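The block underneath contains the structure these notes are about, expressed in structure tokens.
The values are calculated or read from the model by the stated rules, or taken from the named source; none is laboratory data. Please read all numbers here as calculations on a predicted model, not as lab measurements. Every residue, glycine among them, receives a Cβ derived from its backbone with ideal geometry; neighbour counts consider all protein chains shown. Side chains included, ligands, DNA and RNA excluded: accessible areas come from the protein's heavy atoms. Shrake-Rupley method; radii C 1.70, N 1.55, O 1.52, S 1.80 Å.
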Amino acid sequence: MLTQDVRNALDVADLNQLKCDLNQLQPVDVGDYIAELPEKQRAIAFRLLNKDQAIDVFEYLPTEIQEELINSLHDAQVVQLVEDMSPDERAELFDELPAGVIKRLLKELSPEQRQATATILGYPEGTAGRVMTTEYVRLREGLTVGEALSKIRRQDEDKETIYYAYVTDDNRKLVRVVSLRQLLFTFPEVRIRDISSDRVVKVKTDTPQEEVAQVMKRYDLIAIPVVDREERLVGIITIDDVVDILEEEATEDIQKLAGVGGDEAALSPPLLTIRNRLPWLLGIMALYIGAASAIAPFQPIISAVPLLAVIMPIFSNTGGTVGIQALTVTIRGLGIGEVTPKDTMKILRKELIAGLGTAVVLGITMFALSLIWAKPQDRWVAVVAGGVMATNTMVAVTLGTLLPMALKRLKLDPALVSGPLVTTLLDTIGFLTFLTLISTALNVFHFTT
């Protein structure tokens, strides 16, 4: 962690001390420190890093700061930094850079790194091919353990990970996998084919990245190979990439549930916040206009029974909360692979049983509250209120379960069903049901108020 002395070094212009401190710290901590500096001081601090430290720190910086440093450093420094980045990190950076800058940097890269970057950029965003790295350990079946270890020491010190080595045939088709542990604890003269496993867990280049994360979680892998349509090994995805994928997917789902754009962060500029939130809010207002229009014809009823104005907000908040609870649990289950659309009836059955218990308690509570607040002549409203609350609860758990399942079956993102959308829908259903029943009771049974 950074000490206060390190944080204050730029302020007192003690650059020699700062240089010494920064080059002794972990790259991730230095990256956080530089990211927190004012824009004009970032390049100064970055130039104090030695070559190896600078390369490591650069990969931990947010892409917008990476782009800022690229514009402030000399071309030779920039090319060296980009050349030494891992291919997947480089591809992520190139996604954010202007086309002219990308073209210039690609031209300066070595042929090998240029090809690796172009390969990754050629795959669609959100797929295994786009997040993989082309730096991995590849062995031939005919090698002995001793020869394999010599190859790893001689050629593969810069690979992304060496916990696994992947065995391919003459056509680069992935056939086996062997762990570093197996190599270290096996006699040098033993053939790789004799200790490697042919039960290889792998993904295709077009596999969605969230599915990759689920596969790695299921099999407790720290790296997984990526193959093309011909089963040729083209890259690997490591556990650090999966952590980023899970964070990205979780953030996106949470923000969609709340009706917030996926690219907004806690410290995003105010204009970005407005741009992300305002369309959702205007859309929700439009939906509420529909709900309000449905309620408008009942204004004389609400005027005749003032108790309705007191208890209707409880309908709105409680029904919406019940729906969001069921929605969140279902989307979470779909997101981590815990359930699939095939499990729809199982989940619905469980939610309905739990919802029935909840509905009874909420209905009784609404009945009791209505009795407390009602005038003597309006106490009949409590019976209707309790019944509608219980019914609306059952509708809420049903919608919260079926809507995300339906989207998943249609191969759409279940998180598209946002919390505000479900709340508005339930408000409309609940208010219409409640006010229709009240109106019917007044007309048929001639209750007095």
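Close Cβ contacts (under 8 Å, 6 or more residues apart or on different chains) running from residues in segment 278-301 that are at negative phi to residues that are surrounded by 13 or more Cβ atoms within 10 Å (Cβ to Cβ) and of a type in the set (D, E, K, R) comprise 288/427; 291/427.
For the criterion of being touching a Lys or Arg at 6+ places or on another chain (Cβ under 8 Å) and surrounded by 13 or more Cβ atoms within 10 Å (Cβ to Cβ), residue 174 passes. State yes or no: is residue 205 of a type in the set (Ser, Thr, Tyr), modelled with pLDDT of 90 or more, open to solvent by 10 Å² or more (accessible area, probe 1.4 Å) and within 28 Å of residue 112 (Cα to Cα)? Yes, satisfied. Please indicate, with yes or no, whether at least one residue in segment 417-431 is crowded, with 20+ Cβ neighbours inside 10 Å, at pLDDT 90 or above and not hydroxyl-bearing (Ser, Thr, Tyr). For segment 417-431, residues crowded, with 20+ Cβ neighbours inside 10 Å, at pLDDT 90 or above and not hydroxyl-bearing (Ser, Thr, Tyr): absent. Of the residues making up segment 57-70, those that are surrounded by fewer than 17 Cβ atoms within 10 Å (Cβ to Cβ) and either among the acidic types (Asp, Glu) or free of Cβ contacts under 8 Å to residues at least 24 places away in the same chain (or both) are 64, 67, 68. For segment 389-414, residues that are free of Cβ contacts under 8 Å to residues at least 60 places away in the same chain, farther than 19 Å from residue 360 by Cβ and either in contact with a Gly (Cβ under 9 Å, 6 or more places away or on another chain) or open to solvent by 60 Å² or more (accessible area, probe 1.4 Å) (or both) total 4.
Scanning segment 251-273 for residues that are modelled with pLDDT under 80, open to solvent by 50 Å² or more (accessible area, probe 1.4 Å) and of a type in the set (A, V, I, L, M) gives 254, 258, 265, 266, 267.
If the condition is being more than 21 Å from residue 136 (Cα to Cα) and open to solvent by 30 Å² or more (accessible area, probe 1.4 Å), then segment 103-123 contributes 103, 104, 106, 107, 108. Residues that are modelled with pLDDT under 90, farther than 21 Å from residue 424 by Cα and not small (Gly, Ala, Ser) number at least 3 in the following helices (runs of 4 or more DSSP H) confined to segment 286-396: 307-335. Only a single item in (1) polar (S, T, N, Q); (2) open to solvent by 30 Å² or more (accessible area, probe 1.4 Å); (3) under 30 Å from residue 246 (Cα atoms) is not met by residue 293, and it is number (3). Checked against (1) modelled with pLDDT of 85 or more; (2) within 30 Å of residue 225 (Cβ to Cβ); (3) buried (at least 16 other Cβ atoms within 10 Å of the Cβ), residue 48 passes all but condition (2). Of all residues in segment 98-121, those that are free of Cβ contacts under 8 Å to residues at least 12 places away in the same chain have Cβ atoms under 6 Å from Cβ atoms of residues that are among the aromatic types (Phe, Trp, Tyr), 6 or more apart or on another chain, in 102/94. Residue 188 meets the conditions (1) open to solvent by less than 50 Å² (accessible area, probe 1.4 Å); (2) closer than 15 Å to residue 139 by Cβ; (3) in contact with a helix residue (DSSP H, G or I) (Cβ under 8 Å, 6 or more places away or on another chain) in every case but one. The failed one is (1).
The helices (runs of 4 or more DSSP H) found wholly in segment 95-194 and carrying at least 2 residues that are within 29 Å of the chain's Cα centre (by Cα) occupy 99-108, 111-121, 128-131. Just one of the listed residues (4, 24) is exposed (fewer than 13 other Cβ atoms within 10 Å of the Cβ), more than 29 Å from residue 96 (Cα to Cα) and modelled with pLDDT of 85 or more, and it is 24.
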